[in-house]
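Structure first, then comments.
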Amino acid sequence: MSTFTIDTSTSRATPSPVPGKRMTAPSIRARKADGKTEQPIVMLTAYTMRMAQLLDPHCDMLLVGDSLGQVIYGLPSTIPVTMEMMCAHGAAVVRGSWHALVGVDMPFGSYEASPEQAFASASRIMKETGCAAVKLEGGQAMAATIDFLTHRGVPVIGHVGLTPQAVNVLGGYGARGREEREARTIIADAKAVSDAGAFCIVLEGVLEPIATEVARSAAAPIIGIGASAECDGQVLVTDDMLGMFERTPRFVKRYDDLAARISEAARTYAEEVRARSFPTTDQTYKPKG
Ligand code: KIV
């Protein structure tokens, strides 16, 4: 049974059975001290209130990723994702969680032009969702923006390596760091983002030895996806890890096969409706008396 209650005593959209107990950006950052992380950081994506409720007790961070473009909206990439989508789903996830820090992705085109543009977008996301951090993609080129945001009350999650919003520049979603020069750039990107003040950094789709080097060299906690077990934490797209899609990328471990289970439930329901064996007397209302 859920113990979930809405805290109506505050004006913030923070449903919480234990008010004030959410993970914070400083508490996540503090997990890594002297280059070591004793307790790895657990992060999963969430886009809806109910999924947030289910994941929250198990996670340190919930990420409202712009992967919702493909996962929820059937878009071909994250490029068309809008601020309206991120704000609506971000607010739902904040309402469905009380323990995990909720981070919301800044959509493509909402932050790259200037630090000022990034601040306007980040502050809108924080005001409209109640989230405690935003994530933005990019390395050295984004360092000044990350510095600008963190000095103005916006905790930032960095994202380097394979950066899906740059798919048209990268030419695809293949693992990064196969060439020496690219590997050096990824390591320098992580350092720049860490030095600029990101409290943690998602490192996506890079060769394992490079990911290990990034995790060892960057001061901020490195949260890997398709990276290395040496990272300070891990993140997966929840729908991938639950087996909602037939295709599983190499870096995903399937912890369930929900697509098959949902299909089977729908098939049985359809069969019973057609056979008039659903509803039974258990599911119908009887007159009183
Ligand atoms: O958008 C997303 O879900 C992400 C994760 C893959 C880290 O950025």
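For this structure, a couple of remarks:
- Net charge of neighbours whose Cβ lies under 14 Å from the Cβ of Ile125, counting Lys and Arg as +1 and Asp and Glu as -1: 0
- Of the chymotrypsin sites (Phe, Trp or Tyr not before Pro) found in region 45-154, those that fall in a DSSP loop while having at most 15 other beta-carbon atoms within 10 Å are Tyr73.
- Percent RCO, i.e. relative contact order, over region 143-209, from Cα pairs under 8 Å lying at least 6 residues apart: 49
- Neighbours of Ala175, meaning other residues whose beta-carbon lies under 13 angstrom from its beta-carbon, give a summed charge of -1 when Lys and Arg score +1 and Asp and Glu score -1.
- Dipole of the chain, positive direction: furthest Cα of Gly74, Ile262, Phe199, with charges on the beta-carbon: Ile262
- For Gln165, net neighbour charge (Lys/Arg +1, Asp/Glu -1) across residues whose Cβ lies under 13 Å away: -4
- Over 18 Å (Cα to Cα) - which of Lys135/Lys191; Lys191/Lys253; Lys32/Lys127 fall in this group: Lys191/Lys253; Lys32/Lys127
- In range of the label at Lys253: residues from region 58-77 whose backbone nitrogen is under 17 Å from the point 7 Å along Cα→Cβ: 58-60
- Percent accessible area from carbon and sulfur atoms, region 69-117, protein chains only, probe 1.4 Å: 64
- Against the chain, whose longest principal axis comes from its Cα atoms, helix 258-274 is set at around 20 degrees.
- Only Lys, Arg, Asp and Glu carry charge here, each on its Cβ (+1 for the first two, -1 for the last two); on that basis region 178-287 has a dipole of about 380 debye about its Cα centre.
- About the Cα centre, charge dipole magnitude for region 102-170 (Lys/Arg +1, Asp/Glu -1 at Cβ), debye: 140
- 5 angstrom amide H check on Ile41, placed H, neighbours 5+ away: Gly233, Gln234
- Spatial extent of the chain: Rg and Dmax, with the Cα atoms as the point set, Å: 20.7, 81
The values are calculated or read from the model by the stated rules, or taken from the named source; none is laboratory data. A quick note: this is a predicted structure, and the numbers were derived from the prediction, not measured. Ideal geometry is used to build each Cβ from the backbone, glycine not excepted, and the neighbour counts take in all protein chains shown. SASA here: full protein model, heavy atoms, side chains in, ligands and nucleic acids out. Shrake-Rupley method; radii C 1.70, N 1.55, O 1.52, S 1.80 Å.
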